[in-house]
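Inspection log for the structure reproduced underneath, given as structure tokens.
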Amino acid sequence: MSDEFYRIKRMPPYVIAEVNAMRHAARQAGRDIIDLGMGNPDQPPPQHVIDKLCEVAAKPDAHGYSQSKGIPGLRRAQANYYQRRFGVELDPEREVVVTMGSKEGLSSMATAISAPGDVILAPSPAYPIHTYGFMIAGATIRSVPTTPDEHYWRALDNAMAYTVPRPTVLVCNYPSNPTAETVDLEFYERLVAWAKKNEVWVLSDLAYSELYYDGKPTRSILEVPGAKDVAVEFTSMSKTFSMAGWRIGFCVGNQKLIAALTRVKSYLDYGAFTPVQAAACAALNGPEDVIAQNRARYQARRDVMVESFTRAGWEIPTPPASMFTWAKLPPGFEHMGSLEFSKQLLQHAEVAVAAGVGFGEEGEGYVRIAMVENEQRIRQAARNVKRFLAEHAR
């Protein structure tokens, strides 16, 4: 009996889990760790969403199996959201499927549309599911940059010219996790034209659709005329409504891809708990001021983080969107590598961040810092960092 399982052999140790384990052990020992590592919202969902969950959960007939592709009301609510927000019309029956978070949706899509030997174009650095979802399905990854400049387009063209077999799928993620880079509609117009020319499916991850700052809204690839011929888009309730643990997301767009995802999911799950889906309807159909309030909260944290960390001696960039900043290791720490630096920062400054190498080879030399603590805690983290940097300098 062999314990060399094919898919497990293709997966390296989850680097981010190493720092998470250290953080957990430190907290168990009574240390006050400021956790800026995981993108885990610290605020509860809106009260009317929680009230709807309780109301529906109290009904005796609400506890059976649900619908794998999502209850009709939730699919309609998502279609209406896309109409309001992006001016995109969606057929709730054939162009919308509910997922258990965007992570599950992406992994199920990978299972549905890829086979061993297929080549997938995925960004690097990248959120791990963008690569490992396909690797688990048996496909091979060819990395492309995240920075949406001419180097990106050359990398796409080179991949199509020199890869055998030719890539069949491109994953894109803007606002990017982890780099927080954004794109405009012109970028998506060029991407749709490129995908049609090269006969490549595009999977767009728009999980941070509502966490944009300085009055510059994010755009959807589906705003491009004809984009639904080649593309689907994944979104999530996790960050927009602080519903990360509820595990509700969506995939919308191309009917063939939606049908493939729906069929695979029909074998894998019975859908999210019906009261959770009903509460998600209340969120999407409810007042939109809660979205603006959430956005304002993260922008305020962003501004405090950039200002206080820079004063502490660690200059970090100002992200235009998402809940992260993607920062180079401070001067004098480059030799250490992102994982060791993250461990040292946790041990000596009691601040947890995510090592950049956990997002792919191109992430080495960086860390991802999440804006998931309030302003007071962020300032405390900056003071701890300042002390740590000073001690290192000595």
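Please treat every number below as a calculation from the coordinates, not as lab data. It should be emphasised that the depicted structure is a prediction, and the values quoted were computed from it without experimental measurement. Virtual Cβ from ideal backbone geometry, glycine too; neighbours counted across all protein chains shown.
Express in whole angstrom the spacing between the alpha-carbon centres of segment 39-71 and segment 270-300. For segment 39-71 versus segment 270-300, the Cα centre distance is 11 Å. The charge dipole of segment 1-152, taken about its Cα centre with unit charges on the Cβ atoms of Lys, Arg (+1), Asp and Glu (-1) only, comes to about 140 debye. Under a model in which nothing but the beta-carbon of Lys, Arg (+1) and Asp, Glu (-1) is charged, segment 149-200 shows a dipole of about 300 debye around its Cα centre. Which distance in Å, rounded to a whole number, links the C-alpha centroids of segment 213-228 and segment 79-139? Cα centres, segment 213-228 to segment 79-139: 17 Å.
Out of all DSSP beta bridges in the chain, what portion is antiparallel? Express it as a percent rounded to 5.
Details: 17 of 35 bridges.
Antiparallel bridges make up about 50 percent of those DSSP assigns within the chain.
In a fully extended conformation the segment linking His48 and His335 would gain 98.3 nm over its present Cα-Cα distance, using 0.36 nm per residue.
Please find, in a Gaussian network model of the chain (springs between Cα atoms separated by less than 10 Å), the residue of Ala207, Ala354, Ala26 whose mean-square fluctuation is greatest. In this elastic network of the chain, the residue with the biggest mean-square fluctuation among Ala207, Ala354, Ala26 is Ala26.
Between the listed residues Met237, Val171, Val56, the Cα displaced farthest toward the positive end of the dipole of segment 47-285, a dipole computed from Cβ unit charges relative to the Cα centre, is found at Val56.
Taking 8 Å as the Cα distance limit and 6 or more residues as the minimum spacing, I'd like the relative contact order of segment 47-285 as a percentage. Can you show the working numbers first?
Details: 455 pairs, mean separation 72.7, N = 239.
The normalised contact order for segment 47-285 reaches 30 percent.
Electrostatic bookkeeping for Ala137 treats Lys and Arg as +1 and Asp and Glu as -1; over the other residues with beta carbon under 13 Å from its beta carbon, the sum is +1.
On the basis of the beta-carbon distance and an R0 of 30 Å, Glu315 and Ala292 show a calculated FRET efficiency of 0.50. Amide H contacts under 5 Å for Ile316: Thr310, restricted to partners 5 or more places along the chain or on a different chain, H placed in the peptide plane at 1.01 Å from N. In the list (1) 24.7; (2) 21.3; (3) 19.8, the label attached to mean projected area of the Cα convex hull in nm² as derived from the coordinates here is (2).
Divide by every residue of the chain the summed helix terms, -39500 (n - 2.57) for each DSSP H run of at least 4, and state the resulting mean residue ellipticity at 222 nm, rounded to the nearest 500 deg cm²/dmol.
Working: 13 runs with 172 residues, N = 394.
Helix contribution divided over all residues of the chain: -14000 deg cm²/dmol.
The charge dipole of segment 47-285, taken about its Cα centre with unit charges on the Cβ of Lys, Arg, Asp and Glu (plus for the first two, minus for the last two), comes to roughly 420 debye.
Between Met11 and Gln67, the FRET efficiency from the beta-carbon distance, with R0 = 25 Å, is close to 0.20. Full-extension gain between Arg166 and Lys59, please, as 0.36 nm times their residue separation minus the C-alpha to C-alpha distance. Length gained, Arg166 through Lys59: 33.3 nm.
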